[in-house]
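The values are calculated or read from the model by the stated rules, or taken from the named source; none is laboratory data. What you are looking at is a predicted structure, and each value in this text was computed from that prediction instead of being measured. Reconstructed Cβ throughout: ideal geometry from the backbone, glycine too, with neighbour counts over all protein chains shown. In case anyone asks, the SASA skips ligands and DNA or RNA and just uses the protein heavy atoms, side chains included. Shrake-Rupley method; radii C 1.70, N 1.55, O 1.52, S 1.80 Å.
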Amino acid sequence: MPSSRASTIPLGVKVVYTAFLCVLVPYYWKTYGPANFLWFCDVALLVTLAALWLESSLLASMQAVAIVVPQMLWVLDFGLQLFTGRKFFGLAEYMFDSGIPLFVRGLSSFHGWLPFLLVWLVWRLGYDRRAWIVQTVAAWLLLPASFLLTDPPPPPPENPAAAVNVNWVYGPGKTAVQTWMAPELFVGVLMIGFPIIIYFPSHLAFNALFGKRGESVVPVMPRSSEVE
């Protein structure tokens, strides 16, 4: 439940977000397959829906810790290519591919606005200090699942849109598997690296900015001696 000091989320935001997911989820499921929803960003889409309707500080904080930093790299990449024509990471390169329907690229635009929505949600609801720990546990479930349930790159020729190498469990990129270490060891490195490199620093930043707003306000019952 949101604290008594937090404003509620406007109904219009909840309805528009829900309508967007009603379009995106069936399309992504049919086009990319259910395994696509193991991506951290796609998980964030679904969990944010629950965070909006429940006005849950914990759920919003978890997703902010999980994806704001990585998705801001996407925003940087998109902006750089939009204004200069140059690529930095190549994360948003597909947004400029005229071979991909504009409708599809419009759906994928959530990578650009979702991190800002999450920051706004945490500002409205407050930051829950448990978020980075709970998100770490979630990542420890999602990363092995991605390794076990998705295929290594590249995608098969008969289905080039198939979800492969979800959460980069086979190495960075969509064309080749990493050969630096054993595949299982690489997944273990990711399980350690995400919390240390992304989640905990994000936790420190959100806690410094919004931590006090996230403190729950619980009425304290007076002691019997005070009543007397």
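For the residues 185, 117, 149, a 1.4 Å probe over the protein chains yields an accessible-area ranking, largest first, of 149, 185, 117. Taking the stretch 22-38 and a reference point 7 angstrom along Cα→Cβ of residue 104, the backbone N atoms nearer than 17 Å belong to 24-37. Candidate membrane-span-like segments in the chain, meaning DSSP H helices with Cα atoms spread over at least 24 Å of their own axis and a Kyte-Doolittle mean of -0.5 or above, are 11-32, 57-84, 131-149, with no membrane implied. The loop-placed chymotrypsin sites (Phe, Trp or Tyr not before Pro) in the stretch 46-87, going by DSSP, include none that has at most 15 neighbouring Cβ atoms within 10 Å of its Cβ. Summary of the geometry: the stretch 156-180 and the stretch 104-146, compared by the centres of their Cα atoms, lie 22 Å apart. Scanning residues 5 or more positions from residue 151 or on other chains, those with amide H under 5 Å from its amide H are 165, with H placed 1.01 Å from N in the peptide plane. Label-to-label distance for residue 176 and residue 15 is 5.2 nm, based on points extended 7 Å past Cα in the beta-carbon direction.
Which percent of the accessible heavy-atom area of the chain goes to carbon and sulfur, probe 1.4 angstrom? Roughly 71 percent of what the probe reaches on the chain is carbon or sulfur. In the complete set of protein chains, residue-level accessible area for residue 202 is approximately 10 Å², probe 1.4 angstrom.
The simple spin-label model puts a point 7 Å past each Cα toward its Cβ; for residue 8 and residue 204 those points are separated by 3.8 nm. Among 13, 119, 75, the residue with the largest mean-square fluctuation in a Gaussian network model of the chain, with springs joining Cα atoms closer than 10 Å, is 13. Along its first, second and third principal axes, ordered by size, the stretch 109-167 spans 46, 27, 10 Å in Cα coordinates.
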